[in-house]
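Have a look at the structure below, then the notes.
The values are calculated or read from the model by the stated rules, or taken from the named source; none is laboratory data. As the structure is a computational prediction, the values presented were derived from the model and not from experiment. Heads up, the Cβs are rebuilt from the backbone with ideal geometry, glycines too, and the neighbour counts pull from every protein chain shown.
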Amino acid sequence: MRKPASMWSLETFGRQRLSRYFFMRDFMYSEISGFHGVPNVPDDPELALANGRAFCAALMDPLEETFGRIAVRSGYRSRQLNQFGNENKLNCAANDNPLECHIWDWGQDAQAVAGASIVVPWFADQYAQGRDWRDLAWWIHDHISYSEMWFFPKLAALNLVWRPMPRRTISSYIKPRGMLLHPGADPDEALADRQSRYADFPPFRGLRHPVAPAYAASKSP
């Protein structure tokens with residue numbers, strides 16, 4: 001696929017499937033783009049798709065199959081859009097910030113990265129009633145191969161990041177603020193203690209969706 005240069009080619013880009021449950025369009029919406037008129041158009045569509053597929057297969061699909069619908073608050077951002085957001089203090093990290101995960105079409109090979117700010121509605125309802133955000137953080141840590149997590153006070157939203165060589169760090173703007181897990185460090189809480197936090201969580205990838213039957217177009221009437 002060549003670089004999107006028109007509304008129609010961008011529409012085709014958005015229709016590309018990333019995984020069993022997600023399409024590129026699911027990650028394209030941006031309030032910054034819509035309000036300020038800054039296009040969210042990739043510089044390298046193929047790289048954005050490749051990294052997005054790795055991200056969704058490794059992280060988003062397992063979440064969807066465990067908790068049901070996962071809400072995307074902020075997904076893919078083009079370099080132009082992310083730079084505009086950073087320069088105008090719209091909660092975007094600088095393009096060259098090592099932790100910037102929304103620009104999927106920049107790094108490749110060992111430097112590849114893709115991520116999104118997401119909400120797990122199943123957990124957000126419990127968080128609103130006082131549940132500790134760390135219950136979800138430790139569940140993710142023990143079940144999927146994430147690279148970084150950053151939690152936010154509203155809805156226990158988190159930035160969830162994929163890299164081919166995961167850093168395995170957990171940070172939060174919710175109390176206790178700061179870095180809960182540093183790169184290469186062992187968790188302070190033992191596995192049994194962590195598991196007790198999320199003992200009531202749904203079974204990992206336990207949701208069963210309808211399976212499309214095999215269909216042969218050449219079947220006789």
Does residue 117 satisfy being in contact with an Asp or Glu (Cβ under 8 Å, 6 or more places away or on another chain) and of a type in the set (Ser, Thr, Tyr)?
-> no
Members of the range 145-165 that are hydrophobic (A, V, I, L, M, F, W, C) and within 13 Å of residue 115 (Cβ to Cβ) | 149, 150, 157, 158, 160, 161, 162
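Residue by residue, here is whether (1) modelled with pLDDT of 95 or more; (2) closer than 14 Å to residue 55 by Cβ; (3) hydrophobic (A, V, I, L, M, F, W, C) holds:
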residue: 107; (1), (2), (3): no, yes, no
residue: 114; (1), (2), (3): yes, yes, yes
residue: 133; (1), (2), (3): yes, no, yes
residue: 136; (1), (2), (3): yes, no, yes
residue: 159; (1), (2), (3): yes, yes, no
residue: 180; (1), (2), (3): yes, no, yes
Look through 191, 181, 90, 158 and report the one residue that is surrounded by 12 or more Cβ atoms within 10 Å (Cβ to Cβ), free of Cβ contacts under 8 Å to residues at least 60 places away in the same chain and farther than 25 Å from residue 26 by Cα.
-> 181
Of the candidates 91, 82, the one satisfying the condition of being farther than 17 Å from residue 145 by Cα and touching a strand residue (DSSP E or B) at 6+ places or on another chain (Cβ under 9 Å) is 91
Taking only pairs six or more apart or across chains, which ones have beta-carbon atoms under 7 Å, a first residue in the range 103-118 that is more than 22 Å from residue 85 (Cβ to Cβ), and a second residue that is assigned to a loop (DSSP other than H, G, I, E, B)?
-> 110/164; 110/165
With the condition kept exactly as written, say whether any residue in the range 210-218 is assigned to a loop (DSSP other than H, G, I, E, B), modelled with pLDDT of 95 or more and not hydrophobic (A, V, I, L, M, F, W, C).
-> no
So, of the residues in the range 60-77 that are in contact with a strand residue (DSSP E or B) (Cβ under 7 Å, 6 or more places away or on another chain) and more than 16 Å from residue 24 (Cβ to Cβ), which turns out to be surrounded by the most Cβ atoms within 10 Å (Cβ to Cβ)?
-> 73
So which residues in the range 20-38 are outside any helix (DSSP H, G or I) and among the polar types (S, T, N, Q), if there are any at all?
-> 30
Limited to the range 115-168, what total is found for residues that are among the acidic types (Asp, Glu) and closer than 19 Å to residue 103 by Cβ?
-> 1
For residue 64, indicate whether it is in contact (Cβ under 8 Å) with a residue 40 or more places away in the chain and either polar (S, T, N, Q) or not in a loop (DSSP other than H, G, I, E, B) (or both).
-> yes
Those residues that are hydroxyl-bearing (Ser, Thr, Tyr) and surrounded by fewer than 18 Cβ atoms within 10 Å (Cβ to Cβ), I need them from the range 20-49; list them, please.
-> 21, 29
Taking only the range 100-125 into account, find how many residues are of a type outside the set (D, E, K, R) and surrounded by fewer than 16 Cβ atoms within 10 Å (Cβ to Cβ).
-> 4
Looking at (1) over 20 Å from residue 60 (Cα atoms); (2) of a type outside the set (Phe, Trp, Tyr); (3) touching a helix residue (DSSP H, G or I) at 6+ places or on another chain (Cβ under 6 Å); (4) part of a loop (DSSP other than H, G, I, E, B), which is the only condition residue 85 fails?
-> (4)
